[in-house]
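**Q** Mind looking over this structure? Questions follow.
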Amino acid sequence: MRTIIQPLHIRGATVWNGHEAVEQPLFTDGEFICAQPHPKALEVDLSGCVVFPALVNAHDHLELNHYPRSKFRDRYANAHQWGEDMNKRLGDEPFRSLQTFRLEDRCFIGGLKNLLCGATMVAHHNPPHHCLFRKDFPVRVLRDYGWAHSLHFDTPAHLQQTYRQTPRSAPWFIHLAEGTDESASQEYPRLQEMGCAASNTVIVHAVGLSADDADGCVHHIRGIIICPTTNQYLLNQYPTDSDVLAAAIQHQNKIAIGSDSRLTADGDLLDEMRFAAGHVFSPNKIGEQHCSPAHCVVQLATQGGASIIGAQQSGTLSHGHFADWIAIRQGEEPPENTLCQARRADLALVVKGGVPQIGDPEFMRQFTKLPQIEAQLDAQPKHMHSELAQRVHNCRLKERGLEVEALPKRTFRLFSIH
């Protein structure tokens, strides 16, 4: 049966408009945000909540999130040292066994990780596996992109080939300057010499950029993606150049934030946002004249991320954009602060394409035609869309902290209206 998505009229909440949360309704018509309520829209009362656009994760390796966080030295001078250490141990446990799971299951866990933290659009930095673009994959995955791993693990010829094959309108991603040593500081000039640092280039990490190179590259490339908990874990360092960070924020959304995979990161995109608001964008580094740390980070994880990766219909709640949004209960602090202090279980609702996927029972029950199953997320009671629950049960890998009730033997009807 074809899924028909119910139009929605969200009332009672304040809605983030890209700058602040304002008291206004939110309307959806099928999979998209619309300007006026549909005559058959379901009214949903989200009083006491703030609605944000769903998050945009600008960097993840979706098939690697079932691995434990791993390193083999206290601190690395360059991430390629970690990569070499990691490659030597792929035949050891637990890595050997974890590699035997189906690619589809490994990718699903990566998608589920993102959905549960409210990130419905993800830039995957690895091959575009077919399973990532299935209609029932938990999140949207960027389709149009090019990529190379890094200067260390790619040959110059292969790196240049991938760059040339990427359309100029699409982003080309590369790990760059992921270190604190001299080698890392020389990587951007090397990329320039190869002719691969231009308007569609997106560099990931950028910890080791020299001050001169960092200031210049903000104006010449498409953008920078930071993954601060990975950098802190491996390098004991993360992007800290205040002038560069401020320039990247002010210069047409040239900076975004990614979660990386759990192989090196603290957890998910909310964990990155919390760390970034507390450390990377603290007021003494960027100055209050630019924006508050939390406001900067929300911009990075919504509009900024969407702009850099080219996800044109994500990152805002404007008319015609995807009806992908999250709701969180408003606390005493400004809404952006509340979001940047949140963990995934704090999200009251996660909605993708106009369809609630998981949320607090009191809000999920208002979607009376949505088949749903009881669940627990990090010991907090939730309800989950039954189609997603079915995929969770079918996956041979299990998501830590998620418990989903057994599904009835009968087949659930798809979410529809008549």
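The values are calculated or read from the model by the stated rules, or taken from the named source; none is laboratory data. Note that this is a predicted model, so its numbers are computed, not measured. Using ideal geometry, Cβ is built from the backbone for each residue, glycine included, and neighbour counts are taken over all protein chains shown.
**Q** Would it be correct to say that Asp85 is over 30 Å from Arg365 (Cβ atoms) and either assigned by TED's automatic domain parsing to the domain that holds Arg344 or assigned to a helix (DSSP H, G or I) (or both)?
**A** Yes, satisfied.
**Q** Follow-up question, since we're still on this one. If we scan the stretch 142-151, do we find a residue that is assigned to a loop (DSSP other than H, G, I, E, B), over 19 Å from the mean Cα position of the chain (by Cα) and of a type in the set (Ser, Thr, Tyr)?
**A** Taking every residue of the stretch 142-151 in turn, none turns out to be assigned to a loop (DSSP other than H, G, I, E, B), over 19 Å from the mean Cα position of the chain (by Cα) and of a type in the set (Ser, Thr, Tyr).
**Q** Continuing with the same structure: On the given criteria, is Asp266 modelled with pLDDT of 95 or more and crowded, with 24+ Cβ neighbours inside 10 Å?
**A** In short, no.
**Q** Exactly one of (1) in contact with a Pro (Cβ under 8 Å, 6 or more places away or on another chain); (2) in the same structural domain as Cys131 (by TED's automatic domain parsing) is unmet by Leu62. Its number?
**A** If we test Leu62 against (1) in contact with a Pro (Cβ under 8 Å, 6 or more places away or on another chain); (2) in the same structural domain as Cys131 (by TED's automatic domain parsing), just (1) comes out false.
**Q** Let me ask something additional. Being hydroxyl-bearing (Ser, Thr, Tyr) and surrounded by fewer than 12 Cβ atoms within 10 Å (Cβ to Cβ) is the filter here; which residues of the stretch 150-198 pass it? First the steps, then the outcome.
**A** Going through the stretch 150-198, the residues hydroxyl-bearing (Ser, Thr, Tyr) turn out to be 150, 155, 162-163, 166, 169, 180, 183, 185, 188.
Thr155, Ser169, listed by residue number.
**Q** State which residue is modelled with the lowest pLDDT when the search covers only the stretch 196-249 and only residues that are touching a helix residue (DSSP H, G or I) at 6+ places or on another chain (Cβ under 8 Å) and polar (S, T, N, Q).
**A** Result: Ser242.
**Q** Let me ask another. So which residues in the stretch 95-140 are in contact with a Lys or Arg (Cβ under 8 Å, 6 or more places away or on another chain), in a loop (DSSP other than H, G, I, E, B) and crowded, with 23+ Cβ neighbours inside 10 Å?
**A** Residues satisfying the conditions are Cys117, Gly118, Pro138, Val139.
**Q** Could you say which residue among Phe95, Phe27, Phe72 is in contact with a Pro (Cβ under 8 Å, 6 or more places away or on another chain) and aromatic (Phe, Trp, Tyr)? Walk me through how you get there before you give the answer.
**A** Details: Phe95 fails: in contact with a Pro (Cβ under 8 Å, 6 or more places away or on another chain); Phe72 fails: in contact with a Pro (Cβ under 8 Å, 6 or more places away or on another chain).
One residue alone meets the criteria, Phe27.
**Q** Quick check on the stretch 40-61. Is at least one of its residues surrounded by fewer than 19 Cβ atoms within 10 Å (Cβ to Cβ) and more than 14 Å from Arg11 (Cβ to Cβ)?
**A** yes
**Q** Please work out if Asp378 is of a type in the set (D, E, K, R), without any contact (Cβ under 8 Å) to a residue 60 or more places away in the chain and either within 22 Å of Glu20 (Cα to Cα) or out of contact with any helix residue (DSSP H, G or I) (no Cβ under 9 Å at 6 or more places or on another chain) (or both).
**A** So Asp378 does not fit the description; no.
**Q** Can you tell me which of Gln376, Gln330, Gln357, Gln366 is touching a Pro at 6+ places or on another chain (Cβ under 8 Å) and outside the structural domain of Asp266 (by TED's automatic domain parsing)? Outline the logic, then answer.
**A** Working: Gln376 fails: touching a Pro at 6+ places or on another chain (Cβ under 8 Å); Gln330 fails: touching a Pro at 6+ places or on another chain (Cβ under 8 Å); Gln366 fails: touching a Pro at 6+ places or on another chain (Cβ under 8 Å).
Checking each option against the conditions leaves just Gln357.
**Q** Moving on to the next point. How about the stretch 342-409: which strands (runs of 3 or more DSSP E) wholly inside it have at least 1 residues that are surrounded by fewer than 18 Cβ atoms within 10 Å (Cβ to Cβ) and of a type in the set (Asp, Glu)?
**A** Correct list: 372-377, 402-404.
**Q** May I pose another question? Considering the stretch 143-185 alone, what residues qualify as being more than 17 Å from Cys227 (Cα to Cα), touching a residue at least 12 places away in the same chain (Cβ under 8 Å) and polar (S, T, N, Q)?
**A** Result: Gln160, Thr162, Gln165, Thr166, Ser169, Ser183, Ser185.
**Q** Residue check: is Thr3 part of a loop (DSSP other than H, G, I, E, B) and either closer than 15 Å to Ile326 by Cα or at pLDDT below 95 (or both)?
**A** yes
**Q** Within the bounds of the stretch 181-196, is there any residue that is closer than 25 Å to Ala301 by Cα, over 17 Å from the mean Cα position of the chain (by Cα) and among the charged types (D, E, K, R)?
**A** no
**Q** Check Gly331, Gly315 and return the single one that is part of a loop (DSSP other than H, G, I, E, B), at pLDDT below 95, within 24 Å of Cys49 (Cα to Cα) and among the small types (Gly, Ala, Ser).
**A** When all the criteria are applied, what remains is Gly331.
**Q** Looking at (1) in a loop (DSSP other than H, G, I, E, B); (2) closer than 22 Å to Pro228 by Cβ, find the lone condition where Asp92 falls short.
**A** All conditions are met except number (2).
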